[in-house]
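For reference, the structure discussed in these notes is given below.
The values are calculated or read from the model by the stated rules, or taken from the named source; none is laboratory data. For clarity, every value in this text was computed on a predicted model and none was experimentally measured. Neighbour counts run over all protein chains shown; Cβ positions are idealised from the backbone, glycine included. For the accessible areas, the whole protein counts, side chains as well, though only heavy atoms, and no ligand, DNA or RNA atoms are used. Shrake-Rupley method; radii C 1.70, N 1.55, O 1.52, S 1.80 Å.
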Amino acid sequence: MQPRRFFIVFVAAELLLAMSIPFLAIQGYHTLLESRAGRFVQEPTRAEPGWRAFVDPTPVIGIAEVDRGRVTGVALLIHHLEVRSAATVVLVPGSLELDGAMLADRPPADAVAAVGATLRLSVDRTEVMDDDGWQTLLGDQRYPLDSPDPVPDEAGDLLFAVGQVSVGGDNAAPFLGRPAAGAVPISVRPRRHLFWNALLETPPATSSALAGDLRAVGNAAVQVVDLPLTQLEPVALIDGPAAESLIRDVVAYPAGSVPGERLQVRVLDRTGAADLEGIAAAVAAQGMEVIEIGNAMPFDGGDTQVIAPVGLVAAGEPLPDQVRDLSRSVGSSDVIVDNDATDDLVVTVVIGRNFDLANLS
């Protein structure tokens with residue numbers, strides 16, 4: 001009986017020891033990570049080789065203006081403290097036709113997404129401004145505005161007369177989106193300008209997210225502009241090149257509506273003295289998506305280089321024109337293709353001793 005009991009105890013001890021090995025390994029791993037003994041390696045500072053920082057895209061908020069269940073317009077609120085104005089509101093008419101359908105014929109979120117896709121611009125979030133949305137945003141805030149034309153109510157009677165009117169959460173939707181009797185949809189454009197300028201000048205005091213965005217603009221210069229169009233009636237049509245020029249002008253750091261839609265670029269300094277922020281802004285102003293800035297490892301004082309991942313090059317095809325244009329603008333004589341970067345689509349610009357920011361700007 002005694003030998004059998006000893007055997008059972010022995011087996012139990014062996015099993016306990018075997019089961020403890022993974023636990024001891026994990027504990028040892030965490031102990032190693034948490035140890036402060038030995039040499040502690042810190043992250044590089046802004047002035048040291050190897051330092052990196054991600055570049056956040058400029059925030060863009062898509063606002064769908066809705067009256068009587070239909071989208072009457074889309075407004076893009078763009079915060080861009082890095083450039084000449086603290087904010088821009090781009091007004092897009094509800095009668096804009098994209099891919100064969102007007103914005104007015106789409107659900108609000110789809111209308112905003114369609115505008116973002118057409119402009120190749122990422123939209124951070126969508127706000128639906130119907131009757132409830134305006135009431136939540138404005139609360140008790142009212143705006144005295146001079147209406148340039150009459151606005152009918154649901155029954156066809158007069159809701160707003162020509163002249164000074166009071167616009168608040170209870171009637172903002174028809175003021176912004178309802179044409180005068182017999183007028184075309186695009187005719188609401190002057191009223192939209194009046195309202196959005198007033199909203200930016202005196203943001204509402206409510207706790208809604210959009211009210212906070214409007215207040216964040218502060219007292220800095222702002223602007224309300226129309227999306228460039230080639231046609232107003234019977235449907236509005238976008239002027240693509242002019243719209244892209246506008247986006248480059250007012251969006252400091254654009255991001256594509258889907259990854260890779262705009263050429264993605266990282267900017268690295270190999271000299272230790274480059275104005276990385278200024279260079280990144282100049283590259284972004286060419287319509288590219290700057291995702292990262294940093295210092296090369298090491299500072300070697302070499303010439304400027306542009307390195308493109310092989311994934312950007314289709315078999316037997318030349319590099320995209322935008323990559324070659326970027327190379328010329330930064331003063332690099334050629335583009336180096338990285339054949340090992342098969343899963344990467346980011347072009348790296350290495351700023352060297354021969355770089356001149358004036359050429360890029």
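Residues in the stretch 216-232 that are over 17 Å from ALA75 (Cα atoms) and at pLDDT below 95: 5 in all. Only one entry in VAL89, VAL123, VAL112 is open to solvent by 10 Å² or more (accessible area, probe 1.4 Å), of a type in the set (Val, Ile, Thr) and in contact with a strand residue (DSSP E or B) (Cβ under 9 Å, 6 or more places away or on another chain), namely VAL123. Go through (1) part of a helix (DSSP H, G or I); (2) open to solvent by less than 40 Å² (accessible area, probe 1.4 Å); (3) under 16 Å from TRP51 (Cα atoms) and name the single condition GLU244 misses. Exception for GLU244: condition (3).
Quick grid of which residues meet (1) of a type outside the set (Lys, Arg); (2) exposed (fewer than 12 other Cβ atoms within 10 Å of the Cβ); (3) closer than 30 Å to VAL306 by Cβ:
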| residue | (1), (2), (3) |
| --- | --- |
| GLY182 | yes, yes, no |
| GLU201 | yes, no, no |
| VAL224 | yes, no, no |
| PRO228 | yes, no, no |
| VAL235 | yes, no, no |
| VAL251 | yes, no, yes |
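Residue pairs whose Cβ atoms lie under 6 Å apart, sitting 6 or more positions apart in sequence or on different chains, and linking a residue in the stretch 50-74 that is closer than 27 Å to PHE175 by Cα to a partner that is open to solvent by 40 Å² or more (accessible area, probe 1.4 Å) and of a type in the set (S, T, N, Q), are GLY62/THR126. Against the numbered list (1) in contact with a Ser or Thr (Cβ under 7 Å, 6 or more places away or on another chain); (2) at negative phi; (3) in a loop (DSSP other than H, G, I, E, B), ARG120 comes up short only at (2).
For the stretch 203-220, how many residues meet the condition of being part of a loop (DSSP other than H, G, I, E, B) and open to solvent by 60 Å² or more (accessible area, probe 1.4 Å)? Within the stretch 203-220, residues that are part of a loop (DSSP other than H, G, I, E, B) and open to solvent by 60 Å² or more (accessible area, probe 1.4 Å) number 3.
Looking only at residues in the stretch 126-137 that are out of contact with any Asp or Glu (no Cβ under 9 Å at 6 or more places or on another chain) and in a helix (DSSP H, G or I), the one that is least open to solvent (accessible area, probe 1.4 Å) is THR136. Residues that are of a type outside the set (S, T, N, Q) and over 21 Å from the mean Cα position of the chain (by Cα) were ranked within the stretch 52-92; the one that is farthest from VAL267 (Cα to Cα) is ARG68. There is at least one residue in the stretch 143-151 that is among the charged types (D, E, K, R) and assigned to a strand (DSSP E or B). Here the strands (runs of 3 or more DSSP E) wholly within the stretch 253-336 that include at least 2 residues being open to solvent by 40 Å² or more (accessible area, probe 1.4 Å) are 305-309.
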